[in-house]
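The values are calculated or read from the model by the stated rules, or taken from the named source; none is laboratory data. Quick caveat, the model's predicted, so the values are computed rather than measured. Positions of Cβ are backbone-derived with ideal geometry, glycine not excepted, and every protein chain shown enters the neighbour counts. Keep in mind that these areas ignore ligands, DNA and RNA; they rest on the heavy atoms of the full protein, side chains included. Shrake-Rupley method; radii C 1.70, N 1.55, O 1.52, S 1.80 Å.
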Amino acid sequence: MSKVNKTTQLSNLQTALAYQFTDTELLERALTHTSVKNKSVGDYERLEFLGDRVLGLVVAEILWTRFPTESEGDLAKRHAHLVRGATVAEVATELKMGQVLALSKGERDSGGRKNPHLLADACEAVIAAIYLDGGFEEAKRVVSALWEEHVTSHKQPPRDAK
C-alpha cells in the first residue's frame with residue numbers, strides 16, 4: 001500500500017470512528033498485526049488486551065443504564081453477545097478496518113483482511129488506542145456510537161445456545 005493511500009485510509013477510518021487521533025502512531029500500532037516486523041511501530045497485541053477491557057466496561061455501563069429493570073443474568077447475556085469476537089468483527093467490518101490492517105504477505109494471502117479473529121483483535125486495539133489518546137470519555141463516546149445498533153437490535157436478552 002502506498003504512503004498516500006495509507007494516509008487516506010487512516011484518515012477515512014478516523015472519520016468513520018468520529019475520532020481524530022492526536023498520536024497517529026497509536027492508531028498505526030493498533031492496526032499492525034504481529035506478523036509485520038516493524039519495530040518502530042510495534043503491533044496490536046498489548047493494545048488489544050487493554051481495548052477488550054475498555055469495551056467490556058463501556059458495554060456494561062451502557063447495559064446498566066439502558067436496561068434498568070433487567071436481572072444480572074440477562075445483562076450478562078446481553079454483555080456476552082455484545083463483546084464476543086463475532087460482534088466486534090462486525091463492527092470492524094462496518095468500519096472497513098480490514099483495508100488498513102498492516103499484515104505480512106502470508107497473512108494477506110491467506111485472507112487476513114477478512115479474518116474475523118484478526119478484525120476483532122484490531123478493533124479492540126483501536127478502542128484502546130482511542131482510550132490512550134483521548135481518555136475514557138472519548139472511548140466511551142466512540143464505542144457507544146459504534147455499538148448502538150447492536151445494543152438496540154435485541155429487545156429481549158439473547159438466549160443461550162443450549
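Just one of (1) in contact (Cβ under 8 Å) with a residue 60 or more places away in the chain; (2) within 20 Å of residue 146 (Cβ to Cβ) trips up residue 77, so point out which.
Of (1) in contact (Cβ under 8 Å) with a residue 60 or more places away in the chain; (2) within 20 Å of residue 146 (Cβ to Cβ), only one is false for residue 77: (2).
Determine which member of the set 132, 118 is within 21 Å of residue 54 (Cα to Cα), open to solvent by 50 Å² or more (accessible area, probe 1.4 Å) and out of contact with any Pro (no Cβ under 8 Å at 6 or more places or on another chain).
132
Kindly evaluate residue 89 against the criterion of being surrounded by 14 or more Cβ atoms within 10 Å (Cβ to Cβ), in contact (Cβ under 8 Å) with a residue 12 or more places away in the chain and within 23 Å of residue 28 (Cβ to Cβ).
Values: surrounded by 14 or more Cβ atoms within 10 Å (Cβ to Cβ): yes; in contact (Cβ under 8 Å) with a residue 12 or more places away in the chain: yes; within 23 Å of residue 28 (Cβ to Cβ): yes.
Against the criterion (surrounded by 14 or more Cβ atoms within 10 Å (Cβ to Cβ), in contact (Cβ under 8 Å) with a residue 12 or more places away in the chain and within 23 Å of residue 28 (Cβ to Cβ)), residue 89 qualifies.
Give me the pairs, please: first residue somewhere in region 134-160 and touching a residue at least 24 places away in the same chain (Cβ under 8 Å) and part of a helix (DSSP H, G or I), second residue anywhere and aromatic (Phe, Trp, Tyr) and crowded, with 16+ Cβ neighbours inside 10 Å, beta-carbon distance under 7 Å, and either six or more positions apart or on two chains.
134/19; 138/19; 139/131; 142/19
Across region 24-75, what is the number of residues that are at pLDDT 95 or above, closer than 14 Å to residue 129 by Cβ, open to solvent by less than 80 Å² (accessible area, probe 1.4 Å) and charged (D, E, K, R)?
Total meeting the criteria: 2.
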